[in-house]
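Asker: This is the structure I have questions about; it appears just below.
The values are calculated or read from the model by the stated rules, or taken from the named source; none is laboratory data. As the structure is a computational prediction, the values presented were derived from the model and not from experiment. In this analysis, Cβ positions are derived from the backbone assuming ideal geometry, glycine residues included, and neighbour counts consider all displayed protein chains.
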Amino acid sequence: MSADTIHKNPTADGRELIRFDKVTKRFGDHVVLDQLEFDVSAGKHVTLIGPSGSGKTTILRLLMTLLKPDEGTISVDGDYLTHQEKGDRLVPAGEKHVREVRKKIGMVFQQFNLFPNMKVLRNVTEAPIHVLGMGKEEAEQRARELLEMVGLTEHLDKYPSQLSGGQQQRVAIARALAMRPQVLLLDEVTSALDPELVAGVLDVLRDIAHTTDITMLCVTHEMNFARDISDEVLMFNEGKVIESGPPEKIFNDPDHERTREFLGAIL
Amino acid sequence: MTWALWESYMLPGVWITVQVTVYSAALAAAVAFVVGVARTSRLWIVRFLSGAYFEIFRGASALVFMFWLFFALPLALGWQLVPMWAGVLALGLTYGAYGSEVVRGALAAVSPAQREAGIALSFTRWQRLRRIELPQAWPEMVPPFNNLAIELLKGTALVSVISVADMTFAANLIRFTTNDSAPIYTLLLLMYFVLAFAITRGMRLVERKAKAGIGQAPPPRRGLFAGLSRRTSATDPVTGAATPGGAR
């Protein structure tokens, strides 16, 4: 695989790409995220860890605009996600603005969520053709390259239901990358897989992480993977970041008692 | 019943019944999709209007509506609908209302995860509907549509009361002439059955194709005329399936 198969990110110069500013999200009375503040620099690979219910997946879903924050703002590459600047005020953004900003972000889901009505190749080409307006041939050419990169060249002409979970997840990764996002969100991408299929998917992601400069935000329970690819690890508890730092620090010598407890329970 | 009566009344009646069924079904399908999709709209006014349509036409008698179109509407408009089109309109609008419920239900049954995957790839709402949600909902719609199509076929007998010369109209006419009530109505029942059976066989093919189109194994072939639905290997996506049923 070559790095330019994916994306030469012109913004990978370490500047701030994602910013959460005092973001609060509630489900009913339950506060999932509480005045959350953090940012991610371009090109970095950040892993979110923490007990379930601590709001990690909510962060990815907010970024993908599958959820709206109750308070606060999220910006990606200088654009507010769900708000628009009108004069010096922030107003809720229209559908069109949201869709534009959304193009900078790609997501891979826990349950793959491939389109069962499309064969593998079309799963990957559909959005580039109809959303980005790419020509059919160019889109197919790129899709073939990406599917080759994830090791699925022989399966272009199959329906998702004919593939194993691991194969489906690799198609989903190719599908997300085909949109040339600046940010790739990975939401527990191996949790729904049979144990023997996990390694294949993680290898593909490791490869992408090491050979490209795409920014990654990753929720995972695969601590070895997290240690391997992350530039930074954020430890969540009850809607707040309680500790953050490089993986060596967090995994080997965490400052926070809660982090030690959590890592002790899962490692 | 003589061959002459059969030839001059019954055969044209069969053709009229087929025509009324096809036209009404086409209208009903169009109404079903438009109203069914409208009922999933984000805009309350669209949901309200389409919901009102559904409730009104579900609650209206197709026969009385046909009478209304044929006898009452001309008083207001000053011109009269051709009887067959009054019948088609009444049947199509009524069965379209039932069909809209099928479309709405099948769309609601598409996994929300599919919607999210569509959003994550920046598709517009309309693109998601057209490229993701409707194609996946379609196989679910076919069996209930089959039921409705058969109901509609049988409902076309109603057009005989506004003087459209369909099979039922022809049967009545022949009965007046010959007084052979028992054989004529028995034959008429059989003819509706044969047409209904043809619809079912046709819809079975449609269903098989629809399921193949989302990579699902077609249901096993069985029963009479199963050979009608023979698949070619080119349309069979299941050859060489690795792990069927893994998709969610």
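Asker: Which count do you get for residues in segment A:68-89 that are farther than 14 Å from A:I105 by Cα, in a loop (DSSP other than H, G, I, E, B) and out of contact with any Pro (no Cβ under 9 Å at 6 or more places or on another chain)?
Answerer: Qualifying residue count for the region: 4.
Asker: If you don't mind, another one. For the list (1) polar (S, T, N, Q); (2) out of contact with any Gly (no Cβ under 7 Å at 6 or more places or on another chain); (3) surrounded by fewer than 18 Cβ atoms within 10 Å (Cβ to Cβ), I need the number of the one condition that A:T24 fails.
Answerer: (2) is the only condition that A:T24 fails.
Asker: Here is a further query. Given the structure, is B:I56 assigned to a helix (DSSP H, G or I), more than 24 Å from B:L134 (Cα to Cα), touching a Ser or Thr at 6+ places or on another chain (Cβ under 9 Å) and not small (G, A, S)? Before the answer, list the steps.
Answerer: Working: assigned to a helix (DSSP H, G or I): yes; more than 24 Å from B:L134 (Cα to Cα): yes; touching a Ser or Thr at 6+ places or on another chain (Cβ under 9 Å): no; not small (G, A, S): yes.
Judged against the criteria, B:I56 is not a match.
Asker: Here's something else I'd like to know. Among the residues of segment A:35-90, count how many are in contact with a Phe, Trp or Tyr (Cβ under 9 Å, 6 or more places away or on another chain), within 14 Å of chain B (Cβ to nearest Cβ) and closer than 14 Å to A:T215 by Cα.
Answerer: 1
Asker: Return only the number of the condition from (1) surrounded by fewer than 13 Cβ atoms within 10 Å (Cβ to Cβ); (2) among the hydrophobic types (A, V, I, L, M, F, W, C); (3) within 30 Å of B:T178 (Cβ to Cβ) that B:A72 does not satisfy.
Answerer: The single condition B:A72 does not satisfy is (3).
Asker: Does at least one position in segment A:97-112 carry a residue that is touching a helix residue (DSSP H, G or I) at 6+ places or on another chain (Cβ under 9 Å) and over 30 Å from A:V171 (Cα atoms)?
Answerer: No, the conditions are met nowhere in segment A:97-112.
Asker: Among the residues of segment A:58-66, is there at least one that is assigned to a loop (DSSP other than H, G, I, E, B), closer than 20 Å to A:Q182 by Cα, among the aliphatic types (A, V, I, L, M) and modelled with pLDDT of 90 or more?
Answerer: Yes, segment A:58-66 has at least one match.
Asker: May I pose another question? Given the structure, is B:M141 within 16 Å of B:I162 (Cβ to Cβ) and either crowded, with 16+ Cβ neighbours inside 10 Å or at pLDDT 95 or above (or both)?
Answerer: For B:M141, the condition - within 16 Å of B:I162 (Cβ to Cβ) and either crowded, with 16+ Cβ neighbours inside 10 Å or at pLDDT 95 or above (or both) - is not met.
Asker: Can you tell me which residues in segment A:24-45 are within 11 Å of A:V241 (Cβ to Cβ) and of a type in the set (A, V, I, L, M, F, W, C)?
Answerer: Passing the criteria: A:L33, A:L36, A:F38.
Asker: Same structure again: Somewhere in segment B:63-82, is a residue in a helix (DSSP H, G or I), touching a Ser or Thr at 6+ places or on another chain (Cβ under 7 Å), away from every other protein chain (no Cβ under 14 Å) and small (G, A, S)?
Answerer: No.
Asker: Considering only residues that are out of contact with any Gly (no Cβ under 8 Å at 6 or more places or on another chain) and either of a type in the set (K, R) or in contact (Cβ under 8 Å) with a residue 40 or more places away in the chain (or both), which ones fall in segment A:45-61?
Answerer: Result: A:H45, A:V46, A:T47, A:L48, A:I49, A:G50, A:P51, A:T57, A:I59, A:L60, A:R61.
Asker: Being part of a loop (DSSP other than H, G, I, E, B) and either surrounded by 17 or more Cβ atoms within 10 Å (Cβ to Cβ) or under 22 Å from the mean Cα position of the chain (by Cα) (or both) narrows it down to one residue among B:T40, B:T21; which is it?
Answerer: Values: B:T21 fails: part of a loop (DSSP other than H, G, I, E, B).
Just a single option satisfies the conditions, and that option is B:T40.
Asker: Within segment A:93-110, is there a residue that is within 30 Å of A:V32 (Cβ to Cβ) and away from chain B (no Cβ under 13 Å)?
Answerer: Taking every residue of segment A:93-110 in turn, at least one turns out to be within 30 Å of A:V32 (Cβ to Cβ) and away from chain B (no Cβ under 13 Å).
Asker: Select from segment B:1-18 the residues that are closer than 16 Å to B:M191 by Cα and part of a loop (DSSP other than H, G, I, E, B) and list them in ascending order.
Answerer: B:M1
Asker: I'd like the full set of residues that are at pLDDT 90 or above and surrounded by fewer than 21 Cβ atoms within 10 Å (Cβ to Cβ), limited to segment A:228-240.
Answerer: A:D231, A:E232
Asker: Taking the criterion of being over 20 Å from B:V164 (Cα atoms) and exposed (fewer than 13 other Cβ atoms within 10 Å of the Cβ), would at least one residue in segment B:77-89 satisfy it?
Answerer: Start the filter on segment B:77-89 by keeping residues that are over 20 Å from B:V164 (Cα atoms), which leaves B:77-78.
If we keep only those that are exposed (fewer than 13 other Cβ atoms within 10 Å of the Cβ) too, we end up with B:77-78.
Yes: one or more hits.
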